[in-house]
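Accompanying notes for the structure given below.
The values are calculated or read from the model by the stated rules, or taken from the named source; none is laboratory data. All values reported here derive from a predicted model rather than from experimental measurement. Reconstructed Cβ throughout: ideal geometry from the backbone, glycine too, with neighbour counts over all protein chains shown.
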Amino acid sequence: VDKLTLAALEATLALYRDPAVARREIPALALLGAPLRTVRARAERASALLRQGGVGCEVVDSVGSVGAGAFPTKQLPSAAIALEGNAERWSVALRAGAPAVVGRVHDGRLLLDFRAIADSMVETLVSAVRAAHD
């Protein structure tokens with residue numbers, strides 16, 4: 001381990017000393033710690049924009065997985081947009097787009113979970129879904 005690695009580790013750990021600073025400076029923590037009402041509001045905003053563009057969808061309750069590391073099985077309540085139509089077609093079209101969008105199939109519908117979508121990403125996501133719809 002060299003001095004540069006230690007300096008990077010020290011700077012990262014310093015962020016965690018104050019939880020408010022950590023949530024502000026580390027985007028993943030801000031998204032994971034967002035209240036459900038905030039996540040749902042982002043999904044509702046995107047859903048309205050998609051419907052205006054002719055994309056059939058609805059906001060549904062969801063559960064997001066935090067994933068590896070210290071929380072391999074931790075799940076958080078979330079909100080998702082369920083896209084109407086063939087889930088496989090949506091999945092292929094969205095993955096092939098730029099930017100690529102990855103959802104998950106649940107009950108025959110493709111879900112786009114908003115736990116990991118920041119406010120600044122909503123319009124980019126909407127554009128990607130509209131492009132895949134055309």
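Here are the numbers:
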{"read-out": "Tabulated pairs, region 110-121, first over 13 Å from Ala30 (Cβ atoms), second hydrophobic (A, V, I, L, M, F, W, C) and at pLDDT below 95, C-beta under 9 angstrom, 6+ apart or interchain", "value": "Asp113/Val63"}
{"read-out": "Gly54 vs. criteria in a loop (DSSP other than H, G, I, E, B) and either surrounded by 15 or more Cβ atoms within 10 Å (Cβ to Cβ) or in the same structural domain as Phe114 (by TED's automatic domain parsing) (or both)", "value": "yes"}
{"read-out": "Tally, over region 58-92, of residues that are surrounded by 19 or more Cβ atoms within 10 Å (Cβ to Cβ) and part of a helix (DSSP H, G or I)", "value": "2"}
{"read-out": "Hits in region 107-130 - residues which are over 11 Å from the mean Cα position of the chain (by Cα), surrounded by 14 or more Cβ atoms within 10 Å (Cβ to Cβ) and small (Gly, Ala, Ser)", "value": "Ser127, Ala128"}
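Per-residue answers, yes or no, for (1) assigned by TED's automatic domain parsing to the domain that holds Val126; (2) surrounded by fewer than 13 Cβ atoms within 10 Å (Cβ to Cβ):
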residue: Lys3; (1), (2): no, yes
residue: Ala7; (1), (2): no, yes
residue: Ala22; (1), (2): no, no
residue: Leu29; (1), (2): no, no
residue: Ala43; (1), (2): yes, no
